[in-house]
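Structure first, commentary second.
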Amino acid sequence: MKQIKWWLLAVLLVVGLTGCGSQTTKKQATQQAASTKKISPYVNQQTPTFYVHGFQGSAKSTNTLIAHAEKTAHAHKVLVATVSTSGQVTLTGKWRGRVRNPIIQVVFKNNLAQYDQQSAWLAKVITTVQQQHAFKHYNIVAHSAGCVASVNMLMTQQTTTFPKISKLVTIAGPFDGVVGEDDVANQNSFLTSGQPKYLHAAYELLAAKRNNFPKNVQLLKIVGTLNDGSHSDSLVTNVSARSIKYLLRGRDVDYTEKDFYGAHAQHSQLHENTKVALAVDRFLWHR
């Protein structure tokens, strides 16, 4: 009987050890799977980004850019800030808790307003949003005339509680003229100093207060070229779009420039271009 009991005990011991080994193997496999889980290349931040359309633009001007950011960079459009013709700001949407990479879409009902007026409205939008959702830093993505309005706002003195700009994206910014209005294709050029040879109205407006532009801003310039010999995106020449670099000289701006070519680099096509959208996403949120 004793011999039988010892034999049973030995069998139970072997079975027990085998079970433990199996459990340990499963646990290790689970841990290994967790450790090899794909990590998103995009950050998880709560800094809001304001998307601003251009002259005669609307929500359609930034819809594609925003949709791409939501799909690729895990961003979330939380609010639409609509500015009435009288300057009243209305916020629609929901921004609850710590939303990842929040986006605010700015829409001007008067999309024909001058730069300085849209600048004042943009500042009011940012202040209105800040009053409801406290933040100290923000980003801007702007297209066309929205670029000039944004830069003009950044050069305009605000209250001491106004948040600080971190990153600025200018897509086809007409900083020194618009073809067909006050600029001509292939007429302007850069002097050896980097200054544009001809200074148009928008440039002079900004140059007068360039020293107010905040320092240490990260800036992405997106420039479009049709490859038709005009060295422009049909409305904004390469010189006009690039002239912001000389404008902001001495302000410790961290510049990145992305150039796009062909039919999809036409002025209004730039904000529909998925390669442009990807460049914007990576600049704003890539680790």
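Numerical summary
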| quantity | calculated |
| --- | --- |
| Heavy-atom SASA rank of Thr256, Thr90 (probe 1.4 Å, accessible area, largest first) | Thr90, Thr256 |
| Antiparallel content of DSSP bridges confined to region 74-149, in %, to 5 | 40 percent |
| The chain: relative contact order as a whole-number percent, Cα under 8 Å and 6+ apart | 18 percent |
| Estimated dipole of the chain in Debye, rounded to 20 [Cβ of Lys and Arg +1, of Asp and Glu -1, Cα centre] | 2020 debye |
| Among Pro163, Pro102, Pro174, residue whose mean-square fluctuation peaks in a GNM of the chain (springs only between Cα atoms under 10 Å) | Pro163 |
| Asp116 accessible area, 1.4 Å probe, all protein chains in place, Å² to nearest 10 | 90 Å² |
| Under the span-like rule (Cα at least 18 Å along the axis, Kyte-Doolittle mean at least -1.0), DSSP H helices of the chain | 2-35, 60-72, 115-132 |
| Carbon plus sulfur fraction of accessible area for the chain, probe 1.4 Å, in percent | 54 percent |
| For the chain: accessible area per residue (Å², 1.4 Å) | 53 Å² |
| Computed accessible area, Thr159, all protein chains, 1.4 angstrom probe, square angstrom | 90 Å² |
| Among beta bridges that DSSP assigns inside region 139-287, antiparallel share in %, nearest 5 | 10 percent |
| Cα→Cβ-extended label distance, 7 Å offset, between Thr161 and Thr192, nm | 5.2 nm |
| Cross-link pairs beyond the 29 Å C-alpha cut-off, checked among Lys167/Lys275; Lys38/Lys215; Lys109/Lys221; Lys38/Lys164; Lys124/Lys197; Lys94/Lys221 | Lys38/Lys215; Lys38/Lys164; Lys124/Lys197; Lys94/Lys221 |
| Area accessible to solvent at His264, 1.4 Å probe radius, in Å² | 120 Å² |
| Of [x] 20.9; [y] 22.2; [z] 14.3, the label for mean projected area of the Cα convex hull in nm² derived from the coordinates | [y] |
| Beta bridge orientation in the chain: antiparallel %, DSSP, nearest 5 | 20 percent |
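The values are calculated or read from the model by the stated rules, or taken from the named source; none is laboratory data. Values in this document were obtained by computation on a predicted structure and should not be read as measured data. Cβ sites come from the backbone with ideal geometry, for glycine too, and all protein chains shown count toward neighbours. These accessible areas exclude ligands, DNA and RNA; they are computed on the full protein's heavy atoms, side chains included. Shrake-Rupley method; radii C 1.70, N 1.55, O 1.52, S 1.80 Å.
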